[in-house]
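**Q** Below is a structure I'd like to ask you about.
The values are calculated or read from the model by the stated rules, or taken from the named source; none is laboratory data. This is a predicted model, so every value here is computed, not measured. Backbone-built Cβ (ideal geometry, glycine too); neighbour counts: all protein chains shown. These accessible areas exclude ligands, DNA and RNA; they are computed on the full protein's heavy atoms, side chains included. Shrake-Rupley method; radii C 1.70, N 1.55, O 1.52, S 1.80 Å.
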Amino acid sequence: MTNSSAIGLFDSGIGGLSIARKVRDLLPSENILYVADSLHAPYGDKADSFLLERMSAVTEFLLSRGAKAVVVACNTATTSAIAKLRCQYPVPIIGVEPGIKPAALCSRTGVIGVLATPGTLKTHSFVNLAERYASGVKIELQPCPDLAAQIESLSFDSDRTIALLKRYISPLIEKKVDTIILGCTHYNHVSHLIAELAGPDVTIVNTETAVANQVVRRLTAEGLLAAGNHVGRDEFWTSGVLDSYRNQIEKLWGPGENVFQL
Ligand code: DGL
């Protein structure tokens, strides 16, 4: 492992690309290795033990390709088992959690909503996060089964996507939230629709920029930032179907990218 080694990121699918994009923008000279564990998606309805198994397997793959740091670009995996993953591997491991703290700070009415996978909302670490940062604020939880899988299909503006979004956003609006946290990285791909459906009085909070900033801070602190001004290489790997993944990457990242199967 050297400074020119890659930053590894993973998610159950394309959700974490929103974080990879911010990392790429902030650190143009870094090599990026992104894994979509699509064969085992969605993560949001899986047991903690299964998630830890998958997180370990993907982390080992990333380390076998020389990754110098690992970003768990998935709220479900982070809240479920990042503490255990950190005990297993000696590299910096950075995660993403629903942005309760920034949402609580920006809420005027004191009622905030969280859209996330059913898995994230029932973890101890999410409950702890909510207790730690949301005193004096009411949190309305909205699990969103099927939404990440629907986003994987890339049919962002389809009737089915809009119907699912309405089903999950309407209860929050009825409960008078003025802030909605996107607690799943997949939802960043439809944040424009969520903002539109929630209306102009609702602030949408996501955490990709905060996570990318944390990656910069950790690599700086560990002396692991890439030296020089060369342009970093991006590699995309999937445990799922290569052709579908290539199509996703070409639509969401750029044509002609390096796409491989695990
Ligand atoms: N993108 C993920 C998250 O942030 C997981 C979605 C899923 O696979 O259920 O939670």
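**Q** Suppose the filter is modelled with pLDDT of 95 or more, within 15 Å of the ligand (Cβ to nearest atom) and open to solvent by 20 Å² or more (accessible area, probe 1.4 Å); does PRO98 pass it?
**A** The answer is no for PRO98.
**Q** Now a separate question. When the residues of segment 8-30 are filtered to those that are polar (S, T, N, Q) and within 23 Å of TYR43 (Cα to Cα), which remaining residue is farthest from the ligand (Cβ to nearest atom)?
**A** The selected residue is SER18.
**Q** Out of curiosity, is ILE93 more than 14 Å from the ligand (Cβ to nearest atom) and closer than 19 Å to ALA36 by Cα?
**A** On the way: more than 14 Å from the ligand (Cβ to nearest atom): yes; closer than 19 Å to ALA36 by Cα: yes.
Against the criterion (more than 14 Å from the ligand (Cβ to nearest atom) and closer than 19 Å to ALA36 by Cα), ILE93 qualifies.
**Q** For residues that are free of Cβ contacts under 8 Å to residues at least 40 places away in the same chain and open to solvent by 50 Å² or more (accessible area, probe 1.4 Å), tally how many sit in segment 36-64.
**A** Residues in segment 36-64 being free of Cβ contacts under 8 Å to residues at least 40 places away in the same chain and open to solvent by 50 Å² or more (accessible area, probe 1.4 Å): 6 in total.
**Q** Mind listing whichever residues of segment 199-227 are open to solvent by less than 50 Å² (accessible area, probe 1.4 Å), within 16 Å of ALA103 (Cα to Cα) and more than 21 Å from the chain's Cα centre (by Cα)?
**A** Within segment 199-227, just VAL202 meets the criteria.
**Q** Next up: Which one of the conditions (1) open to solvent by 10 Å² or more (accessible area, probe 1.4 Å); (2) among the hydrophobic types (A, V, I, L, M, F, W, C); (3) without any contact (Cβ under 8 Å) to a residue 40 or more places away in the chain does LEU85 fail to meet, given that it meets all the rest?
**A** Only one criterion is unmet by LEU85, namely (1).
**Q** State which residue pairs qualify: first residue open to solvent by 10 Å² or more (accessible area, probe 1.4 Å) and inside segment 174-197, second residue away from the ligand (no atom under 12 Å from the Cβ) and hydroxyl-bearing (Ser, Thr, Tyr) in any location, beta carbons under 7 Å apart, and separation of 6 or more residues or different chains.
**A** Close Cβ pairs (under 7 Å, with a partner that is away from the ligand (no atom under 12 Å from the Cβ) and hydroxyl-bearing (Ser, Thr, Tyr)) amount to LYS176/THR109.
**Q** Would it be correct to say that ILE7 is of a type in the set (Val, Ile, Thr), more than 20 Å from PHE126 (Cα to Cα) and in contact (Cβ under 8 Å) with a residue 60 or more places away in the chain?
**A** Taking the combined requirement at face value, the residue satisfies it.
**Q** From the list ALA67, ALA73, pick out the single residue that is modelled with pLDDT of 95 or more, over 17 Å from the mean Cα position of the chain (by Cα) and open to solvent by less than 10 Å² (accessible area, probe 1.4 Å).
**A** ALA67
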